[in-house]
1. For the range 219-238, check the following and say yes or no: at least one residue is of a type in the set (S, T, N, Q), within 20 Å of Y112 (Cβ to Cβ), surrounded by fewer than 17 Cβ atoms within 10 Å (Cβ to Cβ) and out of contact with any Asp or Glu (no Cβ under 7 Å at 6 or more places or on another chain).
2. Somewhere in the range 219-226, is a residue at pLDDT below 90, in a loop (DSSP other than H, G, I, E, B) and at positive phi?
3. Enumerate the helices (runs of 4 or more DSSP H) found wholly within the range 99-162, keeping only those where 3 or more residues are at negative phi and modelled with pLDDT under 85.
4. On the given criteria, is Y112 free of Cβ contacts under 8 Å to residues at least 60 places away in the same chain and surrounded by 15 or more Cβ atoms within 10 Å (Cβ to Cβ)?
5. Looking at G232, is it closer than 21 Å to S59 by Cα and at pLDDT 95 or above?
6. Just one of the numbered conditions (1) farther than 30 Å from P67 by Cα; (2) modelled with pLDDT of 80 or more is not true of I186; which one?
7. State which residue is nearest to Y235 (Cα to Cα) when the search covers only the range 186-212 and only residues that are β-branched (V, I, T) and buried (at least 16 other Cβ atoms within 10 Å of the Cβ).
Amino acid sequence: MDAERSSYTNSPLIVIVGPTASGKTSLAIELAKKYNGEIICADSRTIYKYMDIGTAKPSSVEQNEVPHWGLDLVEPGERFTLSDFKEYAVKKAREIRSRGHTPFLVGGTGLYIDAVMFDYQFGGDYDVAVRKKFEEMSLEELHYYCTKNNILLPENNKNRRYVIRAIEQKGINTMRSRVPIANTIIVGIATNTEDLRNRIEQRTEQLFKNGVVNEAIKLGEKYGWNSEAFTGNIYKTVSLYLSGEIKEDEMKEKSMILDRQLVKKQLTWFRRNPYIKWLSLRDAEDYLSERLAKQ
């Protein structure tokens, strides 16, 4: 191993978090290009194959510029757990370091980020009989069960499957580190409300220009509209549009509203973490550049 590669072997894990449309991905790509990095995407939607436009995956150009991991791992509807992601991300970070590169963990799915940062430990797989009992409960009953038993609701708490999985893994809150894993630098992208609103509008317009409706039609025909993968905001609204429940302009507006609601949920999750250093995009770039230049 040469001296340059050796100096990167113990490179820190750079964690960049933030809500949808905050600019975290573009920042990570610029820094990774400059500091010999590779990106692990922490997003519960980009794990799905073929869902490229609606999940705003990095473009082929961006992926050619910087290696990206965590994309296209399973087909829509295929089971992929939090435990699966944690195992995958830790393995990729180790591989990236072995190449003498710097791993960047980047995303807006708070539970994915926390699973890596706080070294979540998982028990065995679910019990079929127990799961059947919870599957017979309404969403309201599941929420009440979580409140009563002090179980933290998942980020997507409107999704029954996610809530049931949180209940099954209720021991996870005690099977985790109280502090982030060693050699980790954690930054959150702080964006004011008006800027974020404008970014969401621009992002939504771009998704429709890029052909998200046609993408959704093809995926819906192949996998069925009830697939778990299609609970992402824009796919839900496209489904309503195709069924005639809303008009085209309403589809775009509803997509933006749902994204703004998602942003609130993401920020609520991340703000529970006192170890995140919140900075503007420019300040985050300067801060991380300074830290990485010392490696």
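The values are calculated or read from the model by the stated rules, or taken from the named source; none is laboratory data. What you see is a predicted model; the values in this text were computed from it and never measured. Positions of Cβ are generated from backbone atoms using ideal geometry, with glycine treated the same way; all protein chains shown enter the neighbour counts.
1. Yes - at least one qualifying residue is present in the range 219-238.
2. For the range 219-226, residues at pLDDT below 90, in a loop (DSSP other than H, G, I, E, B) and at positive phi: present.
3. Result: 128-135.
4. no
5. The answer is no for G232.
6. With respect to (1) farther than 30 Å from P67 by Cα; (2) modelled with pLDDT of 80 or more, I186 is out only on (1).
7. It comes out as V212.
Table: residues versus (1) out of contact with any strand residue (DSSP E or B) (no Cβ under 7 Å at 6 or more places or on another chain); (2) closer than 22 Å to I16 by Cβ; (3) basic (K, R).
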position: F122; (1), (2), (3): yes, no, no
position: V128; (1), (2), (3): yes, no, no
position: M137; (1), (2), (3): yes, no, no
position: K148; (1), (2), (3): yes, no, yes
position: R176; (1), (2), (3): yes, yes, yes
position: K218; (1), (2), (3): yes, no, yes
